[in-house]
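Accompanying notes for the structure given below.
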Amino acid sequence: MAGTVDIKLDPKSLTAADKARRRVSFPRLDVNSHMHFAEGVKMWATRRMAGAQPSSPICETEALTIEQAWAATMRDPAHAAQTRLNWSIHDFMWDRVCRAFGRDADHFLAAMEATDNDGPGSLELNPALAIPDYARHEIHRQPGGYVGDPFGGWVYHYALTLAHYQGRTPHGELQMELANAVPKPADGAVNRILDIGCASGVLTNAMKERFPKAETWGVDVSGPCVRYAHHRAAKLGLDIHFAQRLAEDTKFPNGHFDIVTDYLLFHEVSAEAARKIVAEMARIIRPGGVWCHNDAQTTGWPSEIHRPDTSIQGKAMAWNLYRHNYEPWYEAYKALDFPALLRDAGFDVDMSGPPIFRGRPSVNAVKR
């Protein structure tokens with residue numbers, strides 16, 4: 001559509017007013033200080049110990065399972081200490097932010113209640129929604145997970161912003177870059193946008209800012225997440241519709257959307273759910289519409305882009321994520337031939353999107 005408004009914001013050129021508008025912080029200085037301390041230790045541990053290998057000789061063999069590889073690396077005292085430090089500071093991050101919201105629960109609940117029924121935008125909660133088993137985990141060790149804590153959206157966003165991305169993407173810069181990289185359909189028409197697995201809505205917000213005239217939706221299985229996402233979008237003055245729905249059963253009409261995005265969703269769902277979500281996207285994206293997929297590479301990616309790490313350290317890390325970061329579906333997702341799923345569902349697939357997040361190229365799939 002010739003009249004489609006497309007505004008690409010430069011995340012490196014945010015003004016002081018832009019940053020103040022997007023800033024996330026607690027009303028209490030002690031909590032902010034603790035979160036910055038958590039990030040400082042986390043960054044130190046990551047940078048000083050990045051790539052550290054066990055000092056004790058370990059037999060390299062592809063016969064080891066990921067659990068056996070983990071057990072072998074943990075026999076090295078220095079490696080075990082490094083791992084324990086990483087998880088301890090990770091747990092400190094979650095604990096501190098959860099306690100902060102619990103302590104001032106009335107304040108934050110009142111803030112959400114004040115925007116639940118107000119625009120711009122809208123909020124749809126479905127308390128009777130049957131939560132799939134794949135979502136009933138404390139993913140990333142987040143207490144209560146995304147669905148079991150009424151402050152789940154707040155906790156997720158504030159922990160990431162104040163203690164995980166501090167100094168790198170505290171104002172949603174990464175999501176702006178992702179939004180800027182999403183290609184428009186060949187005909188240029190962008191009337192409706194959907195962000196699936198939207199969580200706290202940061203990418204959803206960035207898509208709305210890029211295409212301010214487009215009807216924009218964010219859906220997530222988590223009621224607490226979409227409730228917080230709506231609250232934040234309303235405070236930012238963004239007209240976005242957030243709904244608690246399943247990505248595999250969105251309830252939208254056939255061929256409804258021009259653009260669909262996802263960000264780190266698929267490694268958090270079962271392989272069965274992933275297949276259903278792909279089928280659902282094929283149903284609701286119009287011919288010529290674009291799906292921009294952002295997650296880890298899987299089987300089916302070109303070998304020059306995706307080389308599975310079969311070293312003992314790589315296998316140990318896979319178990320670490322599976323068992324200790326509570327990501328039970330990660331390995332199943334990587335074993336999927338995701339590009340083939342897209343092609344079989346009726347998409348033409350381009351795997352050469354810009355490597356914005358940790359060197360991972362995005363996948364741009366166009367509905368045939």
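Derivation of every value follows stated rules applied to the coordinates shown; laboratory data play no part. As the structure is a prediction and not an experimental result, all values here were calculated from the model. Here the Cβ is made from the backbone with ideal geometry for all residues, glycine too, and neighbour counts use every protein chain on show.
For the chain, a simple Cβ point-charge model (Lys and Arg +1, Asp and Glu -1, everything else neutral) yields a dipole of about 720 debye relative to the Cα centre.
Coordinate range of the alpha-carbon atoms in the stretch 243-368 per principal axis, descending: 47, 32, 24 Å. Put in order of Cβ neighbour count within 10 Å, fewest first, the listed residues 107, 231, 241 become 107, 241, 231.
Each Lys or Arg adds one and each Asp or Glu takes one away; over the other residues whose Cβ falls under 14 Å from the Cβ of residue 113, this sums to -1. May I ask for the net charge around residue 322, where only other residues with Cβ less than 9 Å from the Cβ of residue 322 are counted and Lys, Arg are +1 while Asp, Glu are -1? Local charge sum for residue 322: -2. Considering the stretch 307-368 at the alpha-carbon level, its Rg and Dmax are found to be 14.3, 42 Å.
Just how far, in whole angstrom, is the stretch 193-227 from the stretch 129-163 if you go by their alpha carbon centroids? Result: 17 Å between the Cα centres.
Considering the chain at the alpha-carbon level, its Rg and Dmax are found to be 20.7, 64 Å.
Working from label points 7 Å from Cα in the Cα-to-Cβ sense, the residue 124 to residue 81 distance is 5.5 nm. With contacts taken as Cα pairs under 8 Å at a separation of at least 6 residues, the stretch 227-368 carries a relative contact order of 27 percent. When you restrict to C-alpha pairs under 8 Å that are six or more residues apart and normalise by the size of the chain, the relative contact order lands at 20 percent.
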